[in-house]
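Visitor: So that we are looking at the same thing, I have put the structure below in structure tokens.
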Amino acid sequence: MSLTIKIDQDIKTAMLAREKEKLEALRAVKSALLLARTEKGATEEISVDTEIKLLQKLVKQRKDSAAIYQQQNRKDLADKELFEVSIIEKYLPEQMSDEELTEIIKSIIGQTGAKGMADMGKVMGMASKQLAGKAEGKAIADKVKALLNG
């Protein structure tokens with residue numbers, strides 16, 4: 001089942017259950033999907049990879065907003081953003097554990113022959129492609145830095 005159909009069904013369910021906050025998060029996802037489909041040069045259907053990147057972008061935006069709200073002592077707004085993150089993350093593939101991420105990045109470092117931070121670009125390029133949707137970009141970058149420095 002495509003993500004758009006699943007979102008539409010969940011919007012209907014949230015409307016019937018009168019879950020206002022959940023409905024807002026779902027409508028934001030639907031809006032982003034519609035924008036992606038109607039972009040210049042886009043095809044009618046968007047790929048699963050594009051959907052995952054789109055959802056990750058929405059999650060990152062909300063996490064960044066929540067961090068700003070927390071710095072400004074606006075817990076109410078931060079909580080709203082974090083709630084939306086929890087809703088949107090349900091549509092993402094399951095994220096890798098720290099141990100799995102470490103093992104995969106170690107094997108990528110071995111494949112590329114990376115020796116230090118100068119080789120971070122090579123490792124990040126491969127890791128980003130291989131781990132797309134399975135781990136956040138920041139988590140990947142942090143792990144690569146730690147392993148190349150270690």
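Here, each number is a calculation from the coordinates, and none is a lab measurement. Quick caveat: nothing in here was measured; it's all calculated off a predicted structure. Backbone-built Cβ (ideal geometry, glycine too); neighbour counts: all protein chains shown.
Visitor: Mind running the shape call on segment 43-150? Use the C-alpha gyration tensor, a ≥ b ≥ c as the square roots of the eigenvalues: rounded below 1.5 for a/c, prolate if a/b tops b/c, oblate otherwise.
Guide: It is oblate, given that a/c is not under 1.5 and a/b is not larger than b/c.
Visitor: Write down, largest first, the equivalent ellipsoid semi-axes of segment 3-89 in whole Å, where each equals the square root of 5 times an eigenvalue of the alpha-carbon gyration tensor. Walk me through the numbers before you get to the answer.
Guide: Working: eigenvalues 121, 60, 15 Å².
Value: 25, 17, 9 Å, ordered largest first.
Visitor: In the chain, which longest range has no trypsin sites (Lys or Arg not before Pro) that are both DSSP loop (not H, G, I, E or B) and surrounded by at most 15 other Cβ atoms within 10 Å?
Guide: Values: sites that count: 18, 40, 74, 90, 115.
Value returned for the longest uninterrupted segment is 116-150.
Visitor: For residue 70 and residue 9 in one chain, what is 0.36 nm times their gap in residues minus the Cα-Cα distance, to one decimal in nm?
Guide: Values: separation 61, 0.36 × 61 = 21.96 nm, distance 3.27 nm.
So the extension gain works out to 18.7 nm.
Visitor: Can you give me the Cα centroid spacing of segment 100-130 and segment 32-90 in angstrom?
Guide: Distance between centres, Cα-based: 27 Å.
Visitor: Which ³J(HN,Hα) values in Hz, rounded to whole numbers, follow from the phi angles of segment 58-64 under the Karplus curve 6.51 cos²θ - 1.76 cosθ + 1.60, where θ = phi - 60° and Gly and Pro get x?
Guide: Ordered by residue, 3J(HN,Hα) equals 5, 5, 4, 4, 5, 5, 4 Hz.
Visitor: Next question. Among the listed pairs 40/90; 60/90; 6/75; 53/115, which have their C-alpha atoms separated by more than 25 angstrom in this model?
Guide: Values: 40/90 29 Å; 60/90 14 Å; 6/75 31 Å; 53/115 30 Å.
The answer is 40/90; 6/75; 53/115.
Visitor: Counting other C-beta atoms within 10 Å, and keeping those with at most 14, which DSSP coil GluC sites (Glu not before Pro) do you find in segment 54-150?
Guide: 94
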